[in-house]
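Before any comments, here is the structure.
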Amino acid sequence: MDYLNQLAETFLNWKVIGEVLPSMFAVGLPNTIVLAAISGVIGTLLGMVLALMGISRNPVARWAARVYTDVFRGLPAVLTILVIGLGFGPIVRELTGISSPYPMGIAALSLMSAAYIGEIFRSGIQSVDKGQLEATRALGFGYGASMRLVVVPQGVRRVLPALVNQFIALIKESSLVFTLGLMSSERELFQIGQDAAARSGNLSGYVAAAIFYLALTIPLTHFVNWIDRRLRSGRPEKKEPDEVAAVVGKGAHV
Amino acid sequence: MSEFVSGTLTAKNIHLSFGSNHVLRGIDLHVEKGTTASVIGPSGSGKSTLLRVMNRLIEPEQGDILLDGRSVLKDNPDELRRRIGMVFQQFNLFPHKTVAENITLALRKLRGMSKEQAREEALAQLDLVGLKHKADARPANLSGGQQQRVAIARALAMKPEVMFFDEATSALDPELVKGVLALMADLAKGGMTMVVVTHEMGFSRNVSDTVTFMDAGIVVESGSPEQLFTEPRTERLKGFLSDVL
């Protein structure tokens with residue numbers, strides 16, 4: 001029983017959890033959401049650009065997208081965040097006077113997620129039947145308009161589940177910006193948990209952070225499953241007999 | 001009196017290669033205004049490619065394409081394709097849009113119609129193919145024959161001067177073929193200029209005004225249906241007809 005008590009004391013010290021909750025709600029949660037949401041939006045936009053470059057007929061654009069994707073997908077997240085934050089941070093500070101590492105964290109998360117999201121979009125767009133582009137062009141649309149109006153919307157729809165998975169990963173990776181040394185008001189969930197753990201010598205602060213992460217990610221996971229099911233079975237194949245076929249074209253001798 | 005403002009289409013000495021594969025080797029095709037030309041021949045003879053070259057989905061390497069006697073090779077290809085409707089073997093309806101939206105997309109974006117105008121025009125076209133009641137359905141909920149009739153309506157809505165049909169009934173279940181062929185025959189009778197790539201010899205023989213037999217990238221024989229089907233002059237056409245009839 002001693003061990004159980006010790007575990008409970010280490011992980012579920014309600015006093016520590018109670019103390020950390022206010023700053024989790026007031027500081028950690030908003031910061032995590034802002035980090036993940038802004039880099040999610042930028043990553044999605046940049047990812048779309050990368051995807052279109054990746055399928056472009058221009059070899060330079062294809063090559064650039066390839067190199068970018070390989071580099072940013074191939075590096076550990078913590079390394080990218082540190083290198084961008086510590087490497088470009090001072091330059092940005094000199095140019096803009098902003099000393100917070102927060103924007104650099106967002107930049108690093110955006111650049112990383114763009115590489116993954118770009119691949120997700122590219123695979124979705126390339127999975128759209130070639131006949132769709134051909135039919136759109138046959139109506140008189142140019143290549144760009146055909147992609148924008150017909151091909152890309154279908155491709156994106158197919159990869160929505162994978163895209164939401166990427167957002168889940170982003171929420172978790174946002175915890176790594178702590179490595180840049182955040183100011184008190186900029187701390188996200190993980191940093192606040194870590195600070196509480198350091199202060200109290202007890203891991204319950206981390207548990208509090210974990211609960212917040214799960215509260216964000218589990219609903220998204222179920223949202224993915226819901227989208228997935230809807231995309232799979234949302235449009236039942238309800239075919240009807242071709243009863244009007246006989247009505248049209250009367251008088252034709254075929 | 002023609003229901004359509006149709007044009008005369010001429011292809012002259014069209015050449016095209018895919019790598020070392022010389023797919024079209026000097027094709028000539030003339031389709032007089034208001035007539036239907038069917039193009040027959042074995043798979044891989046270049047029929048479908050010829051259609052795509054004539055509306056410049058694929059640019060020819062050599063030769064000329066004339067609409068109403070004027071070369072269109074220097075025109076903007078997008079504008080040329082607005083004048084030529086095309087219907088595909090696999091229908092190629094936009095699955096993420098409703099039946100009506102499939103038709104209104106080009107009307108709104110390319111013809112600059114308002115939402116209401118475009119919807120009205122789409123419903124009128126759907127009515128012609130007997131599918132007005134399906135305007136708000138998704139293509140996936142239609143039978144193959146219905147989908148192909150929507151595809152025809154989508155092409156007709158652009159008021160094309162010429163219509164291309166690329167094996168429009170090949171992907172259909174046998175019982176649905178008749179409805180689509182009947183619609184095509186109606187268009188032909190209505191005075192639409194049509195180029196029909198087909199394996200339906202009945203249609204080719206009974207509806208078209210001229211028949212062109214292609215094999216291995218060249219026109220082997222062309223003339224009236226009567227001439228080609230009853231008095232084939234070449235061994236290749238005789239062999240083809242005995243295979244398919």
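The values are calculated or read from the model by the stated rules, or taken from the named source; none is laboratory data. In this text the structure is predicted, and so the values were computed from the model without any measurement. When we count neighbours, we look across all protein chains shown, and the Cβ atoms used for this are built from the backbone with ideal geometry, even at glycine. With ligands, DNA and RNA removed, areas are computed over all heavy atoms of the protein, side chains included. Shrake-Rupley method; radii C 1.70, N 1.55, O 1.52, S 1.80 Å.
A few comments on the model shown:
- Qualifying residue in region B:125-146 (condition: closer than 23 Å to A:TYR143 by Cα and open to solvent by less than 10 Å² (accessible area, probe 1.4 Å)): no
- Residues within region A:21-71 that are surrounded by fewer than 16 Cβ atoms within 10 Å (Cβ to Cβ) and hydroxyl-bearing (Ser, Thr, Tyr), tallied: 1
- Candidates are the residues of region B:193-211 that are more than 14 Å from chain A (Cβ to nearest Cβ) and open to solvent by 10 Å² or more (accessible area, probe 1.4 Å); the one that is farthest from B:LYS12 (Cα to Cα) is B:ASP209.
- Test: residue in region B:89-96 that is more than 10 Å from chain A (Cβ to nearest Cβ), farther than 22 Å from B:VAL180 by Cβ and either surrounded by fewer than 23 Cβ atoms within 10 Å (Cβ to Cβ) or out of contact with any helix residue (DSSP H, G or I) (no Cβ under 9 Å at 6 or more places or on another chain) (or both): no
- Looking only at residues in region B:158-176 that are facing chain A (nearest Cβ under 9 Å) and not acidic (Asp, Glu), the one that is farthest from B:ARG52 (Cα to Cα) is B:LEU176.
- Exactly one residue out of B:GLY190, B:GLY239, B:GLY217 is within 16 Å of the chain's Cα centre (by Cα) and either more than 11 Å from chain A (Cβ to nearest Cβ) or not β-branched (Val, Ile, Thr) (or both): that is B:GLY190.
- Any hit, region A:98-116, residues being over 26 Å from the mean Cα position of the chain (by Cα) and either of a type outside the set (Val, Ile, Thr) or modelled with pLDDT of 95 or more (or both): yes
- Members of region A:199-221 found to be modelled with pLDDT of 95 or more and either out of contact with any helix residue (DSSP H, G or I) (no Cβ under 6 Å at 6 or more places or on another chain) or charged (D, E, K, R) (or both), listed by number: A:ALA210, A:ILE211, A:TYR213, A:LEU214, A:ALA215, A:ILE218, A:PRO219
- In this structure, B:GLY34 does not qualify as in a strand (DSSP E or B), out of contact with any Phe, Trp or Tyr (no Cβ under 6 Å at 6 or more places or on another chain) and under 25 Å from B:GLY202 (Cα atoms).
- From the list B:PHE213, B:PHE240, B:PHE203, the one residue that fits, being in contact with a Gly (Cβ under 6 Å, 6 or more places away or on another chain), at pLDDT 95 or above and among the aromatic types (Phe, Trp, Tyr), is B:PHE213.
- Scanning region B:123-138 for residues that are more than 8 Å from every other protein chain (Cβ to nearest Cβ) and under 17 Å from B:PRO95 (Cβ atoms) returns B:LYS134, B:ALA135, B:ASP136, B:ALA137.
- When A:ALA138, A:ALA108, A:ALA114 are checked against the criterion of being in a helix (DSSP H, G or I) and within 14 Å of chain B (Cβ to nearest Cβ), A:ALA138 stands alone in meeting it.
- Some residue of region A:153-163 being open to solvent by 50 Å² or more (accessible area, probe 1.4 Å), in a helix (DSSP H, G or I) and among the aliphatic types (A, V, I, L, M): yes
- In the set B:GLU79, B:GLU101, only one residue is facing chain A (nearest Cβ under 9 Å) and acidic (Asp, Glu); that residue is B:GLU79.
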